[in-house]
Amino acid sequence: EGGLPAQYQEEKELEKQRDVHDSLITQGLELITDSYLEHMSGLCQKADLPFTGISLEGRNWQALVKDIDAHDYDLVALGAFGIGRVSRSLLGTVSERVLRRVRRDVLICKRPGEGEEESGKIVVCLDGSTRSWGALMRGIQLSKTFGKELIAVSAFDPYFHYTMFNSLNEVLTDKAREVF
């Protein structure tokens, strides 16, 4: 504003210019958003998939979390990074914030790098938890849907189990310790 000609420096004129500027920015962002949604609609139409476009306003991660919490989505798919990617980061801030706050299955998508091809495989990591079994069930669905091979990887940490079993051993009754 300091670089504007003198006739635009009066507060009343500045307020008017700010309103015009905000209006133009809003219109521009709405056009961009509508273009994204139209493009997605076209891709879904070609693939014979139903599509509903929703345009949200606000801090991106907060608006996404609010929308996800308000609907009964089966799966939320997010890109790992947005346009503000910081080099060498493994996950973008919006994806990380949404992932930590929603109680839905979330698929974080990373595009293959240049020269990389898709492997045709889906991997599910199992640790024995209820949620990892849920991931296996989701992996089976995705594998069937996309015709991909499913690989289940189970990791066993002997040190964790040793520590856990020893701490449990201290609080068990003699009878429970015998069974354990």
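The values are calculated or read from the model by the stated rules, or taken from the named source; none is laboratory data. The model shown is predicted, which means the values in this text are computed figures rather than measured ones. All Cβ positions, glycine included, derive from the backbone under ideal geometry; neighbour counts span all protein chains shown. Each accessible area value is taken on the protein alone, full model and side chains, heavy atoms only, with ligands, DNA and RNA left out. Shrake-Rupley method; radii C 1.70, N 1.55, O 1.52, S 1.80 Å.
Per-residue answers, yes or no, for (1) part of a helix (DSSP H, G or I); (2) in contact (Cβ under 8 Å) with a residue 24 or more places away in the chain; (3) under 23 Å from Leu31 (Cα atoms):
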| site | (1), (2), (3) |
| --- | --- |
| Leu56 | no, no, yes |
| Ile68 | yes, yes, no |
| Asp72 | no, no, no |
| Val86 | no, no, no |
| Leu107 | no, yes, no |
| Ser119 | no, no, no |
| Val123 | no, yes, no |
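For the stretch 104-130, filtered to residues that are of a type in the set (D, E, K, R) and either under 17 Å from the mean Cα position of the chain (by Cα) or modelled with pLDDT of 90 or more (or both), the residue that is nearest to Phe146 (Cα to Cα) is Lys121. Annotation note: of Ser35, Ser41, the sole residue that is touching a Gly at 6+ places or on another chain (Cβ under 9 Å) and at pLDDT 90 or above is Ser41. All conditions but one from (1) surrounded by fewer than 13 Cβ atoms within 10 Å (Cβ to Cβ); (2) over 30 Å from Ser55 (Cα atoms) apply to Phe146; the one that does not is (2). Within the stretch 1-35, being within 29 Å of the chain's Cα centre (by Cα) and of a type in the set (A, V, I, L, M, F, W, C) holds for Ile25, Leu29, Leu31, Ile32. Checking each residue in the stretch 124-138 for being open to solvent by less than 90 Å² (accessible area, probe 1.4 Å) and of a type in the set (Val, Ile, Thr) picks out only Val124. Of everything in the stretch 4-35 that is in a helix (DSSP H, G or I) and in contact (Cβ under 8 Å) with a residue 12 or more places away in the chain, the residue that is farthest from Ala77 (Cα to Cα) is Leu14. The single residue among Gly92, Gly120 that is in contact with a strand residue (DSSP E or B) (Cβ under 8 Å, 6 or more places away or on another chain), open to solvent by less than 100 Å² (accessible area, probe 1.4 Å) and at positive phi turns out to be Gly120.
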